[in-house]
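One structure is given below, encoded as structure tokens.
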Amino acid sequence: MTDFLIFLYPWTKALHIMVVIAWMAGLFYLPRLFVYHAEKGEVAELSATFEVMELRLLRAIMNPAMIATWLFGLALVFTPGLVDWTAVWPWTKGAAVLAMTWFHHWLGRRRKAFAEGNNQLSGRHYRMMNEVPTVLMIIIVISVVVRF
């Protein structure tokens, strides 16, 4: 099995990078949609449009990209010789990926609140939350590239 993972390493790494980009795009865009929805969603037609956009983004792009990111990421973790578990970087990256996954699920709960007409958060709150994936991305990239 490990020889197979070593053989597939370039493909696994390439696919992992592609699906991470797709996931990050969604993590950046969905909170921005929530900003507009919270600020302009009192108009029924706009609210319905935002709800369709949010649902499709989450279900068609973000969920599959998150799952694929985890699958290819775990394949990389189990590829022999790639991860030095005595270093700090795999732990900081792992913690940031877990936080990003939590944020993804938080966004999913916020989408449901909008769909049920129960959103209690302001556009300003969503603007601030829109910075979370950026901070996590910085931690992940520095962890993997610098490997401290």
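Looking only at the stretch 103-119, filter to residues that are modelled with pLDDT of 95 or more and surrounded by fewer than 12 Cβ atoms within 10 Å (Cβ to Cβ); which one of those is nearest to residue 44 (Cα to Cα)?
Filtering the stretch 103-119 for residues that are modelled with pLDDT of 95 or more and surrounded by fewer than 12 Cβ atoms within 10 Å (Cβ to Cβ), the one nearest to residue 44 (Cα to Cα) comes out as 109.
May I ask you to list the residues in the stretch 120-144 that are surrounded by 17 or more Cβ atoms within 10 Å (Cβ to Cβ) and charged (D, E, K, R)?
If the condition is that a residue be surrounded by 17 or more Cβ atoms within 10 Å (Cβ to Cβ) and charged (D, E, K, R), then no residue fits.
Report whether or not residue 57 is crowded, with 18+ Cβ neighbours inside 10 Å, at negative phi, in a helix (DSSP H, G or I) and out of contact with any His (no Cβ under 9 Å at 6 or more places or on another chain). Break it down into steps so the answer makes sense when it comes.
Details: crowded, with 18+ Cβ neighbours inside 10 Å: yes; at negative phi: yes; in a helix (DSSP H, G or I): yes; out of contact with any His (no Cβ under 9 Å at 6 or more places or on another chain): yes.
Judged against the criteria, residue 57 is a match.
Looking at the stretch 99-113, which of its residues are without any contact (Cβ under 8 Å) to a residue 60 or more places away in the chain, of a type in the set (A, V, I, L, M, F, W, C) and farther than 16 Å from residue 138 by Cβ? If you could, list the steps in order and put the result at the bottom.
At the first step, the residues of the stretch 99-113 found to be without any contact (Cβ under 8 Å) to a residue 60 or more places away in the chain are 99, 101-102, 105-106, 108-109, 112-113.
After this cut, where a residue has to be of a type in the set (A, V, I, L, M, F, W, C) as well, the list is 99, 102, 106, 113.
Once the filter is applied, which keeps residues that are without any contact (Cβ under 8 Å) to a residue 60 or more places away in the chain, of a type in the set (A, V, I, L, M, F, W, C) and farther than 16 Å from residue 138 by Cβ, the stretch 99-113 yields 102, 106, 113.
Could you tell me whether the stretch 134-148 includes any residue that is of a type in the set (D, E, K, R) and either touching a strand residue (DSSP E or B) at 6+ places or on another chain (Cβ under 6 Å) or assigned to a helix (DSSP H, G or I) (or both)?
Step one: filter the stretch 134-148 for residues of a type in the set (D, E, K, R), giving 147.
Retained after the next criterion (residues that are either touching a strand residue (DSSP E or B) at 6+ places or on another chain (Cβ under 6 Å) or assigned to a helix (DSSP H, G or I) (or both)): none.
No - not one qualifying residue is present in the stretch 134-148.
Of all residues in the stretch 78-92 being hydrophobic (A, V, I, L, M, F, W, C), over 22 Å from residue 4 (Cβ atoms) and touching a residue at least 40 places away in the same chain (Cβ under 8 Å), which is surrounded by the most Cβ atoms within 10 Å (Cβ to Cβ)? Full working, then the answer.
Let us first name the residues in the stretch 78-92 that are hydrophobic (A, V, I, L, M, F, W, C), namely 78, 82-83, 85, 87-89, 91.
Now drop any that are not over 22 Å from residue 4 (Cβ atoms), which leaves 87-89, 91.
Subset that is touching a residue at least 40 places away in the same chain (Cβ under 8 Å): 87-89.
Values: 87: 12, 88: 12, 89: 17.
Across the stretch 78-92, the extreme among qualifying residues is 89.
May I ask you to list the residues in the stretch 32-46 that are touching a Lys or Arg at 6+ places or on another chain (Cβ under 8 Å) and at pLDDT 95 or above?
Let us first name the residues in the stretch 32-46 that are touching a Lys or Arg at 6+ places or on another chain (Cβ under 8 Å), namely 34-35, 46.
34, 35 - these are the residues of the stretch 32-46 that are touching a Lys or Arg at 6+ places or on another chain (Cβ under 8 Å) and at pLDDT 95 or above.
Identify all residues within the stretch 113-133 that are under 15 Å from residue 35 (Cα atoms) and either assigned to a helix (DSSP H, G or I) or touching a Gly at 6+ places or on another chain (Cβ under 7 Å) (or both); write none if there are none.
Within the stretch 113-133, 113, 114, 115, 123, 124, 125, 126, 127, 128, 129, 132 qualify.
Show the residue pairs that are 6+ apart or on different chains and have beta-carbon atoms under 9 Å apart, the first residue being within the stretch 119-148 and at negative phi, the second being assigned to a loop (DSSP other than H, G, I, E, B).
Cβ pairs passing all conditions: 119/41; 129/121; 142/148; 143/88; 148/87; 148/88.
Right, residue 99: of a type outside the set (D, E, K, R) and at pLDDT 95 or above or not? Give the steps one after another, and end with the answer.
Values: of a type outside the set (D, E, K, R): yes; at pLDDT 95 or above: yes.
Taking the combined requirement at face value, the residue satisfies it.
The values are calculated or read from the model by the stated rules, or taken from the named source; none is laboratory data. Keep in mind the model is a prediction, meaning the values are calculated, not measured. Cβ: placed from backbone, ideal geometry, glycine included. Neighbour counts: every protein chain shown.
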